[in-house]
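Undergrad: Handing you this structure, nothing more for now.
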């Protein structure tokens, strides 16, 4: 999925202020009600909500708004991915009880594996601009020819990057 940077869209990002009377989902509801934000946040917020049982440092957080029972509400980790246009549909759209269920779906997704290959190319090649798109697509196509069990393996994917003919090809300036 392509999610543009807020700076590309000339949007000044201001996170919602913490409010002890609202859950994170309640606070971020403004994103999906504002048409300028909804296009991206419809896709990304629901993934983040599945991981809400963890705080910013990864510690378990059974209550929102702190540990005080009078202020805290139970964290809701259930989420639904989907309701997108046909061109944005993914092979992991569906309802998930929590981040564990979502992680299992993401781990078995062909689209997520291909995204991994694309990001591996971009970080290994040190570029992601339009001039590298041809080489990027060639690598992803080459990588997809690996056996499925190797596609999720970081070492095998890095070896594929080096074995890919575009690794050694250079364009004349």
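Undergrad: Divide the volume of the convex hull of the Cα atoms of region 12-55 by its number of residues and quote the answer in cubic angstrom per residue.
TA: Cα-based convex hull of region 12-55, divided per residue, equals 79 Å³.
Undergrad: Have a look at the chain and give its Rg and Dmax from the Cα atoms, expressed in angstrom.
TA: Rg and Dmax of the chain, Cα atoms, are 19.7, 67 Å.
Undergrad: By how many degrees, between 0 and 90 and to the nearest 10, does the Cα long axis of helix 154-163 differ from the longest principal axis of the chain?
TA: In the chain, helix 154-163 runs at an angle near 30 degrees to the longest axis.
Undergrad: Determine the relative contact order of the chain: mean sequence separation of Cα pairs under 8 Å and six or more apart, normalised by residue count, in whole percent. Display every interim value, and only then the final one.
TA: Working: 153 pairs, mean separation 21.3, N = 173.
In percent, rounded to a whole number, it is 12.
Undergrad: Starting from the 7 Å offset along Cα-to-Cβ, what nm value, one decimal, do you get for the label separation of residue 122 and residue 76?
TA: Placing both labels 7 Å along Cα→Cβ, they lie 3.2 nm apart.
Undergrad: Of the residues 78, 110, 36, which exhibits the maximal mean-square fluctuation in a Gaussian network model of the chain defined by a 10 Å Cα contact cut-off?
TA: Greatest mean-square fluctuation among the candidates belongs to 36.
Undergrad: Along the Cα-to-Cβ line of residue 167, 7 Å from the Cα, sits a label point; which residues in region 133-161 have backbone N less than 12 Å from it?
TA: Of the residues in region 133-161, 143, 155-161 have backbone N under 12 Å from the label point off residue 167.
Undergrad: So what's the angle, to the nearest 10 degrees on a 0 to 90 scale, between helix 133-144 and the longest Cα principal axis of the chain?
TA: Here the helix axis deviates by roughly 90 degrees.
Undergrad: Would you mind checking the tilt of helix 35-50 against the longest principal axis of the Cα atoms of the chain, expressed as 0 to 90 degrees and rounded to 10?
TA: Between the helix axis and the principal axis of the chain, the angle is about 90 degrees.
Undergrad: Kindly provide the helix-only [θ] at 222 nm of the chain, computed as the sum of -39,500 (n - 2.57) over DSSP H runs of four or more divided by all residues, to the nearest 500 deg cm²/dmol? Let's see the in-between values first.
TA: Working: 7 runs with 77 residues, N = 173.
One gets -13500 deg cm²/dmol as the mean residue ellipticity at 222 nm.
Each value in this text was obtained by applying a stated rule to the coordinates, not by laboratory testing. Just so it is clear, the structure is predicted and the values come from calculations on it, not from any experiment. Neighbour counts are summed over all protein chains in view; Cβ atoms, including those assigned to glycine, are modelled from backbone coordinates with ideal geometry.
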